[in-house]
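Beneath this line is the structure, given in structure tokens, with notes to follow.
The values are calculated or read from the model by the stated rules, or taken from the named source; none is laboratory data. Please read these numbers as outputs of a predicted model, since none were measured by experiment. Reconstructed Cβ throughout: ideal geometry from the backbone, glycine too, with neighbour counts over all protein chains shown.
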Amino acid sequence: MSDLSDIDLTDASVWEQAAPHEWLDRLRTEDPVHWHEESDGRGFWAITRHEDVRRVSTSPLEFSSYRGGPTRLDPIDQGLDPDGGGLEQVRMIIIGMDPPEHRDFRGVVAKAFTPKMINRLNESLHTETARVVGELREGNSCEFVTDVAARIPMWSISELMGVPEADRHRLYELSHALIDDQDPEVAPTPETSSESLAEIFGYATEMAARERANPSGSLTSDLLQAEVNGRKLDDMEYTLFFMFLIVAGNETTRTASSHGLHTLIQHPEAMARLAADPSLVPGAVEEILRWEPPIHHFRRTATRDTVIGEQAIAEGDKVIMWYAGSNRDPAVFEDPHTFNIDRTPNPQQSFGIGEHFCLGANLARLSLRLLFTELVGTIENVELQAPPRRLHSNLINGIKEMRINYDVR
Ligand code: HEM
């Protein structure tokens, strides 16, 4: 058996095939807090146990999102801003903040995402989902990612943020090129992603001018009017917040939708049960999220010498939480490698946990429940035309293309 040091979780071409569960299982069993070298960085602790992800995510003062940003590569290398200053910009986005500042910023948008507010979208989101899925009745085949999965998340985040219909498609393309930039097909050159960034920045500025002249009551006008510690967000803070919400709202839910259908195609008995009894859909959505976490990992940096489990961690060390590992921890999930829509409880960690727990979780859950209820009621005998084409990325568990054949019910 190969040495653990042969495992390379940074290799996007591995994740492009599928999450490397054999590796993740070995790490969890043999060395759950594992020192992992990197060719493009200074190395990190790879975390694969459920309790360790919980420990790290719920201790934000010990494991900081601010110090080195929330993703594996140091922002200085990723360069959010093509002209430099990457880390400074990442620290202006809530996902790159620590308490107490983080709580103040989170408060600005948290009220837009409460179950009550999201439920207000229920009816219109239901209508939109039924419209998009209803178009499947016109044929017997489609490219599911573009024709269905991508459209609904962009619609809901645009509704929340007041983005006019005519601009939505372009904004969707930009968000895709920005976050999925490890894939040469999505972002062929380093400039693609910096040009997309510049265009989103420009768009956010235009939106601000429109909303200031004519406040629409959308989340964008909330951002512009909000005060944190007695002052308004400055232009860069507002712009980054706007951009982050567009990206976070789009990429993840699209991914969960595509993986969800793919997983159900591979588990036809589960799909048949959902069609017969749609009350099983919420459980199925949680299991889909556990089975294929839309985000492979997030990162923290230790602010002091500490421990995770038995392992000493030094101040400044990088810690990477691999959700595909923690979501299949046998200490928490019985038969973790079995897809089971009846699993209860299902404490999957795909939305993170603790301080930065996904703000969009209520919206994503509602969206996915509506989508799968509509889908199983509309189509059957769903088959892949070819294996789905997956995104080349160790951050986003994306599907780029999934052509299917089906019968209309
Ligand atoms: C299935 C869909 C989704 C998944 C799997 C997902 C996943 C995540 C995860 C893992 C985090 C935690 C980051 C960390 O611990 O560092 C997070 C944070 C966040 N997500 Fe989501 N997300 C989803 C959908 C959405 C949607 C639809 C929105 C917005 C409309 C959204 C907005 C956010 C925001 C604003 C944060 C940052 C929260 C904070 O830093 O306090 N997400 N998401």
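Would you confirm whether or not the stretch 281-299 contains a residue that is modelled with pLDDT of 90 or more, among the aromatic types (Phe, Trp, Tyr) and within 19 Å of the chain's Cα centre (by Cα)? Yes. The C-beta contact set for the stretch 321-340 (first residue in contact (Cβ under 8 Å) with a residue 24 or more places away in the chain, second residue among the aromatic types (Phe, Trp, Tyr) and surrounded by fewer than 18 Cβ atoms within 10 Å (Cβ to Cβ), distance under 8 angstrom, 6+ apart or interchain) is empty. Restricting attention to the stretch 31-69, the residues that are assigned to a helix (DSSP H, G or I) and either of a type in the set (Lys, Arg) or within 20 Å of Asp3 (Cα to Cα) (or both) add up to 2. Tell me, yes or no, whether the stretch 325-344 has at least one residue that is of a type in the set (Lys, Arg), crowded, with 22+ Cβ neighbours inside 10 Å and either at pLDDT below 95 or away from the ligand (no atom under 13 Å from the Cβ) (or both). Scanning the stretch 325-344 turns up at least one residue that is of a type in the set (Lys, Arg), crowded, with 22+ Cβ neighbours inside 10 Å and either at pLDDT below 95 or away from the ligand (no atom under 13 Å from the Cβ) (or both).
The residues on offer are Thr253, Thr239, and the sole one that is within 16 Å of the ligand (Cβ to nearest atom), touching a residue at least 40 places away in the same chain (Cβ under 8 Å) and not small (Gly, Ala, Ser) is Thr253. Taking the stretch 298-403 and the strands (runs of 3 or more DSSP E) fully enclosed by it, the elements with 1 or more residues that are closer than 30 Å to Leu136 by Cα are at 379-384, 399-401. Each residue in the stretch 281-320 was checked for being over 28 Å from His267 (Cα atoms), within 14 Å of the ligand (Cβ to nearest atom) and of a type outside the set (Ser, Thr, Tyr), and 6 of them qualify.
Is it fair to say Tyr238 is over 30 Å from Arg403 (Cα atoms), surrounded by fewer than 20 Cβ atoms within 10 Å (Cβ to Cβ) and hydroxyl-bearing (Ser, Thr, Tyr)? Full working, then the answer.
Numbers: over 30 Å from Arg403 (Cα atoms): yes; surrounded by fewer than 20 Cβ atoms within 10 Å (Cβ to Cβ): no; hydroxyl-bearing (Ser, Thr, Tyr): yes.
The answer is no for Tyr238.
Remark: pairs (first residue in the stretch 199-226, surrounded by fewer than 18 Cβ atoms within 10 Å (Cβ to Cβ); second residue outside any helix (DSSP H, G or I); Cβ separation under 6 Å; 6+ apart in sequence or on different chains) = Ser216/Gly162. Within the stretch 190-219, being of a type in the set (Ser, Thr, Tyr) and farther than 22 Å from Arg91 by Cβ holds for Thr192, Tyr203, Ser216, Ser218. In the stretch 111-142, of all residues being out of contact with any helix residue (DSSP H, G or I) (no Cβ under 9 Å at 6 or more places or on another chain) and free of Cβ contacts under 8 Å to residues at least 12 places away in the same chain, the one that is farthest from Ile404 (Cα to Cα) corresponds to Lys116. Considering only the stretch 275-293, state which residues are assigned to a helix (DSSP H, G or I) and either touching a His at 6+ places or on another chain (Cβ under 6 Å) or closer than 24 Å to Tyr323 by Cβ (or both). Correct list: Leu280, Val281, Pro282, Gly283, Ala284, Val285, Glu286, Glu287, Ile288, Leu289, Arg290, Trp291. Checked against (1) touching a Gly at 6+ places or on another chain (Cβ under 7 Å); (2) buried (at least 22 other Cβ atoms within 10 Å of the Cβ), Cys358 passes all but condition (2).
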